[in-house]
Amino acid sequence: MKIQHIFFDLDNTLWDHRKNAYLTIKDLFEKEEITLKYNIDFEVFHSVYHKINESLWEKIRDGIIDKEYLRKHRFYDTFRRFNVDDEMLSMYFEEHFLDKILNHNELVEGTEYILDYLKNKNYTLHVISNGFQEVTERKCILSGIDKYFQTITSADTVGVRKPNPEIFEYSLNLAKADKEKSILIGDDWIADVVGAQNYGMDVIFFDTLHENKQETGLKSVRHLLQIKDFL
Ligand SMILES: [Mg+2]
């Protein structure tokens with residue numbers, strides 16, 4: 001059956017969260033003169049932060065911790081690795097991180113090209129994100145890609161996150177889309193690929209981290225432009 005609706009994940013599929021987070025933390029790190037005060041190298045700090053943050057997000061996805069826990073711990077646990085035990089400093093980073101990240105709006109390479117390409121082929125485009133509705137919308141507006149999307153769905157509006165089928169159900173209803181004529185494109189194996197498969201819609205795995213998943217019939221791309229092979 002012919003695909004009519006394309007649902008995109010946002011973070012690290014179109015909006016380059018990794019790069020924008022990196023630039024935001026670098027700004028804070030330099031402003032607070034962390035290298036000077038504690039003799040910590042930024043690149044080393046960032047790679048420790050990145051691992052801790054990813055592992056905390058996995059725990060949220062699996063329902064082991066909540067967002068409050070993540071907010072209290074991601075910078076605190078990172079600083080602790082460098083023997084800096086300072087809750088105030090960690091909370092300062094956390095609060096300003098969320099304030100400032102929207103000052104950076106780098107997109108994943110090929111985003112505008114592929115959105116133009118798909119729009120010109122008359123597909124209807126949408127977003128399904130596990131983020132907060134307001135933040136998701138602002139990311140789309142500030143990066144200039146909001147004009148491409150007919151609907152934007154965020155987890156906090158629905159009350160459940162991908163891979164829960166309810167968020168796909170909600171979003172496709174909002175879009176008035178049949179699941180047989182819809183496809184999701186996303187970078188998270190569990191939230192996006194397994195989520196879409198369990199809901200019963202087609203999916204393209206955006207394998208940015210070269211996870212190399214092997215599965216019969218899996219549609220997988222490593223660059224957004226490769227989506228043209230399927231759509
Ligand atoms: Mg993502």
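The table below lists the values:
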read-out	value
For region 160-231, the spread of Cα positions along each principal axis, largest first, Å	31, 23, 20
Cα centre as origin, Lys/Arg/Asp/Glu Cβ charges: the chain dipole, Debye	580 debye
Candidate lysines for bridging to K147, where Cα separation is under 29 Å - those fewer than 8 sequence places away on the same chain excluded	K2, K19, K100, K119, K121, K139, K162, K176, K179, K181, K219, K228
Calculated over region 140-186: convex hull of Cα atoms, volume per residue (Å³)	94 Å³
DSSP bridge pairs, the chain: antiparallel proportion in percent, nearest 5	5 percent
Ellipticity estimate at 222 nm from DSSP helix runs (n ≥ 4, -39,500 (n - 2.57)) divided over the chain, nearest 500	-14000 deg cm²/dmol
Sites matching GluC sites (Glu not before Pro) across region 1-81 that sit in DSSP coil, with at most 14 neighbouring C-beta atoms within 10 Å	E33
Charge dipole (debye, nearest 20) of region 53-133; +1 at Cβ of Lys and Arg, -1 at Cβ of Asp and Glu	240 debye
Rg(Cα)/(2.2 N^0.38 Å) for region 56-212, N = residue count	1.16
Evaluated over region 11-90, the Cα radius of gyration and Dmax, each in Å	13.1, 38
Alpha carbon Rg of region 125-209, scaled by the compact-globule rule 2.2 N^0.38 Å	1.02
Farthest positive-ward along the chain dipole, Cα basis, beta-carbon charges - from S47, L225, N20	L225
Largest to smallest accessible area among M91, M201 [probe 1.4 Å]	M91, M201
Per residue solvent-accessible surface (Å²) - the chain, probe of 1.4 Å	51 Å²
Value of relative contact order over the chain, rounded to a whole percent, pairs C-alpha under 8 Å and six or more apart	25 percent
Taking the C-alpha atoms of region 104-165, convex hull volume expressed per residue in Å³	95 Å³
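The values are calculated or read from the model by the stated rules, or taken from the named source; none is laboratory data. Quick caveat, the model's predicted, so the values are computed rather than measured. Quick reminder, even Gly has a Cβ in these numbers, built from the backbone with ideal geometry, and neighbours come from all protein chains shown. These accessible areas exclude ligands, DNA and RNA; they are computed on the full protein's heavy atoms, side chains included. Shrake-Rupley method; radii C 1.70, N 1.55, O 1.52, S 1.80 Å.
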